[in-house]
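To keep things clear, I will list the structure first and then write my remarks on it.
The values are calculated or read from the model by the stated rules, or taken from the named source; none is laboratory data. None of these values were measured; they are calculated from a predicted model. Virtual Cβ from ideal backbone geometry, glycine too; neighbours counted across all protein chains shown.
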Amino acid sequence: MDTDVLVVGAGPTGLFVAAELTRAGISTTVIDKGNGPSTHSKALAVHARTLDTFATRQFASDVVERGLPVRVLRIFAGGTERAQLSIDDIASPYPYMLSLPQSVTERLLLDQLDAAGGGVEWNTELVDARDEEDGVTAHLDGAEERTVRARWLVGCDGAHSRVRQTADFGWAGEDIDAHFALIDAEIRSDVIDRSTAQIFVLDDGRNCGFVPLPGGGQRIILTLTEAPDAEVDRAFFQDQLTTHVDPDLDVQTDEWASYFSVRQRVVDTYRQGRVCLAGDAAHAHSPVGGQGMNTDLQDAHNLAWKLAAVIDGDADTRLLDTYEAERRPLAEQVVRLTGRGTRFIGRQSWWLRILRITALTLLAHVDFLRTRFLGAISQTGVTHTDSPLVQNPLGQAAGSLRAGYFAPNLSLADDGALHDHLSPTSHVALIPTGAPVPPPLTETELLVKRISESTLHAHDGPSSAVIVVRPDGYVGYSGSLDDDRTLREYLAEHGLAPHR
């Protein structure tokens with residue numbers, strides 16, 4: 001074999017998969033047909049669960065430092081501010097939406113890959129690939145044509161994925177009759193706030209959103225009734241914004257502009273043989289809510305540690321079946337919810353305009369609705385409680401440490417905080433201070449850490465719990481300290497990799 005894993009696509013998904021695998025000691029080759037990292041802002045929103053994920057690899061602070069936290073969404077209609085939606089009520093150390101251009105996110109992920117000892121072969125594309133019993137044979141076209149033998153192939157090459165096409169994955173869905181134009185621009189306006197996000201429900205029934213960019217400028221998104229006849233550029237937005245938002249607004253400079261319509265797709269399976277798909281190669285949906293890149297990065301985080309365990313021989317390929325079991329239902333949910341949101345904001349009529357204003361106002365003022373909305377948008381509401389990979393003998397008694405929930409960065413009694421000890425190859429077992437180590441844990445090489453009873457109680461957990469946290473930060477097991485049989489069965493059934 002030339003490499004353990006061939007990753008096709010060096011966007012955020014491919015870079016994160018490759019960094020995780022390389023950090024785990026898996027030989028990884030990354031190719032991309034582009035000539036270097038993206039220079040366009042593209043995806044802008046980095047949500048709380050993505051920052052939680054980065055925290056498990058100890059680089060969330062680097063990401064936050066480069067971005068702009070947005071904590072308030074202001075809602076306007078008829079020239080009047082109707083409501084302010086606070087978006088800081090999120091169950092995370094990062095209670096905001098971080099505004100950060102995708103180009104910067106990619107650079108930070110590329111730094112992670114470089115630090116792990118990996119890199120990217122730019123100007124190289126996949127021609128075709130053949131899945132065989134013991135590996136994948138891939139034909140590449142770059143500086144020269146060549147054939148690469150890999151044990152596994154991971155397609156992270158976007159909505160037009162060559163990997164998906166070559167391996168003949170099913171790709172079904174629908175198109176939505178909705179049209180959007182966006183621009184990143186420096187503007188001058190006394191109406192537009194530079195510290196909050198703003199939505200304007202326009203008099204003609206359309207919508208216009210503004211999100212501040214780090215370093216100045218705004219991401220401006222405008223719904224359209226149909227595909228535009230004219231080019232979407234600075235002049236187009238100048239005309240639209242002075243007519244419908246602020247007659248004195250001046251679009252001074254622009255960095256990037258684009259028009260897009262919406263296609264919704266989910267691949268029929270996330271793995272065929274030795275070929276896996278992740279990110280936009282596996283699902284495509286509306287950009288409403290900024291879910292795309294965040295969902296993609298969660299795919300990468302979920303897949304990489306499982307693939308590393310299989311390659312290292314710590315688990316069989318059944319572990320990879322849980323990648324689809326955990327991630328595909330969430331992709332279907334994102335497609336469903338963003339589709340509804342797109343239809344809600346993308347269609348124009350007087351009664352829909354009134355309904356939008358009412359709905360946004362209710363979100364701002366009704367705590368229950370706001371909490372549900374923010375949990376979905378920030379993805380902090382994502383759990384894997386129905387996964388075959390988690391076991392929760394304690395049931396509801398485990399509180400926020402219930403199996404399938406994302407583990408908060410708990411303070412440890414003996415050594416720092418939980419996320420400091422997670423890696424692509426490390427499960428961490430947590431037991432109360434002073435308690436004997438359960439025999440099943442002494443029979444493995446899992447990293448065992450101590451947690452105080454007060455910390456357990458602060459998260460509604462019992463004082464006699466044993467918690468096993470997976471490499472991706474999700475709780476895999478929540479059980480009683482004296483239930484050796486169930487813990488031993490869990491460890492044996494899931495073939496947990498020893499700590500290295």
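Things worth noting here:
- Scanning the stretch 186-204 for residues that are among the basic types (Lys, Arg) and outside any strand (DSSP E or B) gives a single hit, ARG194.
- Hey, PRO388 within 25 Å of the chain's Cα centre (by Cα), assigned to a loop (DSSP other than H, G, I, E, B) and surrounded by fewer than 17 Cβ atoms within 10 Å (Cβ to Cβ) or not: yes
- Which listed residue is more than 17 Å from ALA304 (Cβ to Cβ) and modelled with pLDDT of 95 or more, from LEU126, LEU153, LEU109, LEU113: LEU126
- Filtering LEU307, LEU337 for residues that are more than 21 Å from LEU222 (Cβ to Cβ), in contact (Cβ under 8 Å) with a residue 24 or more places away in the chain, surrounded by fewer than 19 Cβ atoms within 10 Å (Cβ to Cβ) and not assigned by TED's automatic domain parsing to the domain that holds ALA181 leaves a single hit, LEU337.
- The single condition from (1) farther than 25 Å from ALA304 by Cα; (2) out of contact with any Ser or Thr (no Cβ under 7 Å at 6 or more places or on another chain); (3) buried (at least 21 other Cβ atoms within 10 Å of the Cβ); (4) not aliphatic (A, V, I, L, M) that THR53 fails is (1).
- Only listed residue being in the same structural domain as PRO228 (by TED's automatic domain parsing) and either at negative phi or among the acidic types (Asp, Glu) (or both), chosen from ASP131, ASP184, ASP157: ASP184
- Positions within the stretch 195-206 being more than 26 Å from the chain's Cα centre (by Cα) and of a type outside the set (Asp, Glu), in sequence order: PHE200, VAL201, LEU202, GLY205, ARG206
- Among (1) modelled with pLDDT of 95 or more; (2) touching a His at 6+ places or on another chain (Cβ under 7 Å) - the single one HIS301 does not satisfy: (2)
- Residue ranges of strands (runs of 3 or more DSSP E) in the stretch 211-297 with at least 3 members surrounded by 14 or more Cβ atoms within 10 Å (Cβ to Cβ) and touching a His at 6+ places or on another chain (Cβ under 7 Å): 250-267
- Pick from the stretch 464-500, criterion in contact with a Leu (Cβ under 6 Å, 6 or more places away or on another chain) and surrounded by fewer than 17 Cβ atoms within 10 Å (Cβ to Cβ), ranking: modelled with the highest pLDDT: SER464
- Which numbered condition ALA308 misses (of (1) closer than 17 Å to GLY173 by Cβ; (2) out of contact with any Cys (no Cβ under 8 Å at 6 or more places or on another chain)): (1)
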